[in-house]
C-alpha cells in the first residue's frame, strides 16, 4: 500500500524500535560522540573528510554535530522524502550552505 507524501514526510528516517520505542525522534544536543577506540574514530574522521584511500567504517557513526548528528539525520531524510529526492542536507549556517554549493559547482 502506497502512503501519501505527507505521511512519508512525517515518519521517514526514524525507527522507534531503535530509540527505546519513543514515538518521536529524541533531540540529541551532543556536540561530539564516543568511539570504541581511537582507530575507529580515526577511520570515521578520514571518511568524513574524504581522505583518499580511507576505508569506510562498517557503521555510519557520528563524529561532531557540525558534520551531522542523529537529530539532523532524521530531518534530512524527511526533507528528502518531502522533496521526493535521494538526499537532503542541513547546514549549521548560511555560509556553510553557500560554500558547499560553490565548492560542489567548482569541483
Problem - Some residue of segment 67-88 being on the phi < 0 side of the Ramachandran plot and more than 17 Å from the chain's Cα centre (by Cα) - result: no
Practice task
Scan segment 50-78 for residues that are touching a residue at least 24 places away in the same chain (Cβ under 8 Å) and in contact with a helix residue (DSSP H, G or I) (Cβ under 6 Å, 6 or more places away or on another chain) and report the count.
Solution key: 3
Problem - Complete set of residues in segment 1-49 that are surrounded by 14 or more Cβ atoms within 10 Å (Cβ to Cβ), closer than 24 Å to residue 88 by Cβ, touching a helix residue (DSSP H, G or I) at 6+ places or on another chain (Cβ under 8 Å) and at pLDDT 85 or above - result: 14, 25, 28
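The values are calculated or read from the model by the stated rules, or taken from the named source; none is laboratory data. Source: prediction; values computed, not measured. With ideal geometry, Cβ positions are generated from the backbone for all residues, glycine too; neighbour counts draw on all protein chains shown.
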